[in-house]
Amino acid sequence: MAQYFDVHPENPQIRLLRQAAALLEKGGVVAVPTDSSYALVCHLDDKAAADRMRSIRGVDDKHHLTLLCRDLAELASYARVDNRQYRLLKAATPGPWTFILEATKEVPRRVSHPSRKTIGLRVPEHPVLHELLAQHSGGPLLATTLIPAGETDPLNDAQEIRERYQHQLAAVIDAGACPHEPTTVIDLSGEEPEVLRRGRGDPADLGL
């Protein structure tokens, strides 16, 4: 049965997020609020948890997962970033953006793109998720948007998530509804930045 943490969306109770972080350390999959919609997260180095997360989503190992990083310094440990990319990332983070970058050896090969060796990375601005990352001592969290298998829209109601996945998740963190608009995805792995998906983040703000 999934534990249920009802937290304040702007000033989350630290003790509850510590409990959620402990569940992640033990291999649990947790539903969390983000800048866009609710997502599933697990410990980066836990293959069983990652496989379980993919199973809940109904996706295979080719599905591109995302790393949620606490800050830009942590992001730079898991992606190769040159000076040009760093300036763009600094202007955009934290915020509703996902960046595709070349993965470093710190990223397990099983979670990077199988042919391009790239990984999606985010530095979220959602206060609850940001604090959860601060309480989680195991580095970035591996994440995927919580879209039920066979459906196209992500879930945005924590109560519904709990009802539908109470036997598959370790916990659900309820911080109310999310913006329900996807992040903007920018590929920085090529010669020039490429906007792959337009979402909450306006590429014009980054000169793109």
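The values are calculated or read from the model by the stated rules, or taken from the named source; none is laboratory data. This one's a predicted model, so the numbers in the text were calculated from it and none came from an experiment. For neighbour counting, all protein chains shown are included, and Cβ atoms are generated from backbone atoms with ideal geometry for every residue, glycine included. These accessible areas exclude ligands, DNA and RNA; they are computed on the full protein's heavy atoms, side chains included. Shrake-Rupley method; radii C 1.70, N 1.55, O 1.52, S 1.80 Å.
Has the stretch 40-54 got at least one residue that is closer than 21 Å to residue 190 by Cα, open to solvent by 20 Å² or more (accessible area, probe 1.4 Å) and either in a loop (DSSP other than H, G, I, E, B) or in contact (Cβ under 8 Å) with a residue 12 or more places away in the chain (or both)?
no
Residue by residue through the stretch 55-80, note down the ones that are basic (Lys, Arg), in contact with a helix residue (DSSP H, G or I) (Cβ under 8 Å, 6 or more places away or on another chain) and either part of a helix (DSSP H, G or I) or open to solvent by less than 70 Å² (accessible area, probe 1.4 Å) (or both).
Within the stretch 55-80, no residue meets the criteria.
Is at least one residue of the stretch 117-133 modelled with pLDDT under 90 and open to solvent by 30 Å² or more (accessible area, probe 1.4 Å)?
Yes, there is a match, as at least one residue in the stretch 117-133 is modelled with pLDDT under 90 and open to solvent by 30 Å² or more (accessible area, probe 1.4 Å).
Within the stretch 165-204, track down each residue that is hydrophobic (A, V, I, L, M, F, W, C), open to solvent by 20 Å² or more (accessible area, probe 1.4 Å) and over 20 Å from residue 57 (Cβ atoms).
Those that are hydrophobic (A, V, I, L, M, F, W, C), open to solvent by 20 Å² or more (accessible area, probe 1.4 Å) and over 20 Å from residue 57 (Cβ atoms): 177, 195, 204.
Being in a helix (DSSP H, G or I), open to solvent by 50 Å² or more (accessible area, probe 1.4 Å), under 25 Å from residue 188 (Cβ atoms) and of a type outside the set (Ser, Thr, Tyr): is that true of residue 87 here?
Here the answer is yes, as residue 87 does meet what is asked.
Taking the stretch 150-190 as the region of interest, how many residues are more than 18 Å from the chain's Cα centre (by Cα) and charged (D, E, K, R)?
Matching residues across the stretch 150-190 total 5.
Among the listed residues 34, 98, which satisfies the condition of being in contact with a strand residue (DSSP E or B) (Cβ under 9 Å, 6 or more places away or on another chain) and part of a strand (DSSP E or B)?
Unique residue meeting the criteria: 98.
Mind listing whichever residues of the stretch 149-164 are part of a loop (DSSP other than H, G, I, E, B) and open to solvent by 80 Å² or more (accessible area, probe 1.4 Å)?
Answer for the stretch 149-164, where residues must be part of a loop (DSSP other than H, G, I, E, B) and open to solvent by 80 Å² or more (accessible area, probe 1.4 Å): 150, 151, 152, 153.
Taking residue 139 as meeting all but one of (1) under 14 Å from the mean Cα position of the chain (by Cα); (2) part of a helix (DSSP H, G or I), write down the number of the exception.
Of the numbered conditions (1) under 14 Å from the mean Cα position of the chain (by Cα); (2) part of a helix (DSSP H, G or I), the odd one out for residue 139 is (2).
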